[in-house]
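Mind having a look at this structure? Questions to follow.
The values are calculated or read from the model by the stated rules, or taken from the named source; none is laboratory data. If you're wondering where the values come from, they're calculated on a predicted model, not measured in any experiment. Counting neighbours? That spans all protein chains shown, and the Cβs are built from the backbone with ideal geometry, glycine included. All accessible areas refer to the heavy atoms of the entire protein, side chains included, with ligands and DNA or RNA removed. Shrake-Rupley method; radii C 1.70, N 1.55, O 1.52, S 1.80 Å.
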Amino acid sequence: MNCLLLFHAQVPHTNPNVGPLRIVDGTYIKSPKNALNWTAISKDSAGIKLHVRIVAASSDSMFPEKMIPSTGNVADSDAVNHIIDADGALYVMDRGYAHKTKMGGWIERGVQFLVRVRKTFKMETLKSFKPTHPKVTKNELVSILTREEPVRYIEFRDHDGTIFHLITNRLDLTEEEILDAYKNRWYVELFFKWLKQHVKVSHLFSHSPIGIWNQMYIALITCALAEIMRLIHQPTKNSWTFLSTVQQFLFSSIHALLKDFNRKLRKSKGRQKIPKTKPKPIQYGEDFAIVSPLTKQHFIDKEKEKKRKEKEKKMKMEQ
C-alpha cells in the first residue's frame with residue numbers, strides 16, 4: 001500500500017465517545033488533452049482522481065492525512081483500502097464505498113466504519129429498536145449477509161426530506177452520535193472545494209504521470225503545512241485568510257531578479273534540423289498511484305465496434 005502520511009495531530013474530537021473521526025472520499029480532476037494517451041475517460045476527455053482521507057480534528061480544523069491518486073477510471077471502492085486502517089478511528093464514507101465485500105473485509109480487519117448505503121442495499125433484519133431521535137425512522141440490528149457479525153442500520157430524514165440509509169459496526173453509539181458523526185462528512189466536500197479554488201489543483205502543470213502525481217502530493221503537503229502554521233500562529237483565522245497572508249510574502253529577493261536580467265545569452269546557431277527520435281515509454285508511477293491507463297484510441301475503437309455491430313444487425317433484419 002503506497003500512501004502518504006501528511007500530518008497527525010493529537011486533537012480530541014468534539015465527542016470523546018465517538019473517538020477519532022476520519023472522512024474518506026474522492027474527487028475528479030480534469031487533466032490536459034495531452035494526457036489522453038493514458039488518462040482517457042472518453043475519446044474527448046481525460047482525468048485523474050484524488051482519493052483522500054481527512055481528519056476532522058474540531059469544528060474549525062480539518063487536514064489531509066492520507067492520499068493516493070489514480071487514473072479517472074478507478075472506482076472509489078477500488079481505492080478505499082489504500083487509505084483506511086484498523087487504527088481505532090471511525091471512518092465516515094458515502095454511497096460509493098457501500099460494497100458488502102469491502103464491509104466484510106473491514107469487519108474482519110477491525111476497521112470501524114459508518115457508511116451511507118443505497119435504498120436497494122440487501123440485508124436481513126435481526127432486531128428492531130424504537131427510534132429515540134425525532135429524525136430517525138428506523139433503528140435496527142442487521143446482517144449484511146457476507147459476515148456473521150451484526151451491524152447497525154439507521155434510517156433518518158433530514159430537514160429537506162431526503163432519506164439517508166447508514167450502516168455502522170459501532171454498536172455502542174447512540175442515534176444522535178451516529179447522525180452527528182455522519183454530518184461531519186461534509187467537511188471533505190469543503191476541503192475539496194478549498195483545494196481546487198485556493199491551491200489550484202484543477203490546473204495541472206504536466207501531462208506526464210510522475211509530474212501529475214508529484215503536483216498532487218505537493219498540494220496535499222501544502223494544505224497540511226498551512227494548517228499546522230495556522231494552528232501555531234493564528235488559530236483564530238480561517239485557512240484561506242491565513243494562506244493568502246502567507247502568499248503575500250513569497251517574493252524572491254531583488255538580487256536574484258537582477259541576476260536573471262543580467263545573465264549572458266548564448267549566441268543562436270540558427271534554425272537546427274530536429275532529429276527524429278523514438279517515442280519514450282511512459283513511466284506511470286505505479287509505486288505511489290493506482291494506474292489503469294486508457295487511451296483515446298480505446299474509446300474510438302469501442303465506438304467503431306459498436307457501429308459495426310449495429311450495421312450487421314440492420315443488414316440481417318433487411319434480409
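Karplus couplings for segment 288-296 from phi (6.51 cos²θ - 1.76 cosθ + 1.60, θ = phi - 60°), rounded to Hz, Gly and Pro as x?
9, 7, 9, 10, 10, x, 10, 9, 4
Accessible surface of Lys314 in the full protein assembly, 1.4 angstrom probe, to the nearest 10 Å²?
Here the accessible area works out near 130 Å².
How much area per residue is accessible in segment 165-227 when the probe is 1.4 Å and only protein heavy atoms are counted (Å²)?
Here the residues of segment 165-227 average 44 Å² of exposed surface.
Can you give me the % of accessible surface on segment 65-186 that is carbon or sulfur? Probe 1.4 Å, all protein chains present, nothing else counted.
Of all accessible area on segment 65-186, carbon and sulfur atoms account for 49 percent.
Okay, moving on. For Glu312 and Lys130, compute 0.36 nm times the residue count separating them, minus their Cα-Cα distance, and round to one decimal in nm.
59.5 nm
Still on this structure, please answer the following. Using a Förster radius of 35 Å, what is the FRET efficiency between Ser143 and Glu189 based on their Cβ-Cβ separation? Nearest 0.05, please.
0.65
Related question: With a 1.4 Å probe and all protein chains left in place, how much accessible area per residue does segment 22-104 have, in Å²?
30 Å²
Can you give the % of DSSP beta bridges in segment 32-142 that are antiparallel, to the nearest 5?
Looking only at bridges with both residues in segment 32-142, the antiparallel portion is about 80 percent.
Then there is this: Kindly list the residues of segment 199-213 that lie in the label zone of Lys30, defined by a backbone N under 12 Å from the point 7 Å along the Cα-to-C-beta vector.
It comes to 202-204, nothing else.
What aspartates and glutamates could a cross-link reach from Lys49, if we take a straight Cα to Cα line under 17 Å and drop same-chain neighbours fewer than 8 places away?
By straight Cα distance, Lys49 reaches Asp25, Glu65, Asp76, Asp78, Asp94, Glu189, Glu286, Asp287.
Continuing with this model, one more query. Give me the percent of Cα-Cα pairs in segment 51-97 that sit more than 17 Å apart, rounded to a whole number.
For segment 51-97, the fraction of Cα-Cα distances above 17 Å is 37 percent.
Straight-line reach only, C-alpha to C-alpha below 25 angstrom: list the lysines that Lys122 could link to, leaving out same-chain residues fewer than 8 apart.
By straight Cα distance, Lys122 reaches Lys100, Lys102, Lys130, Lys135, Lys138, Lys183.
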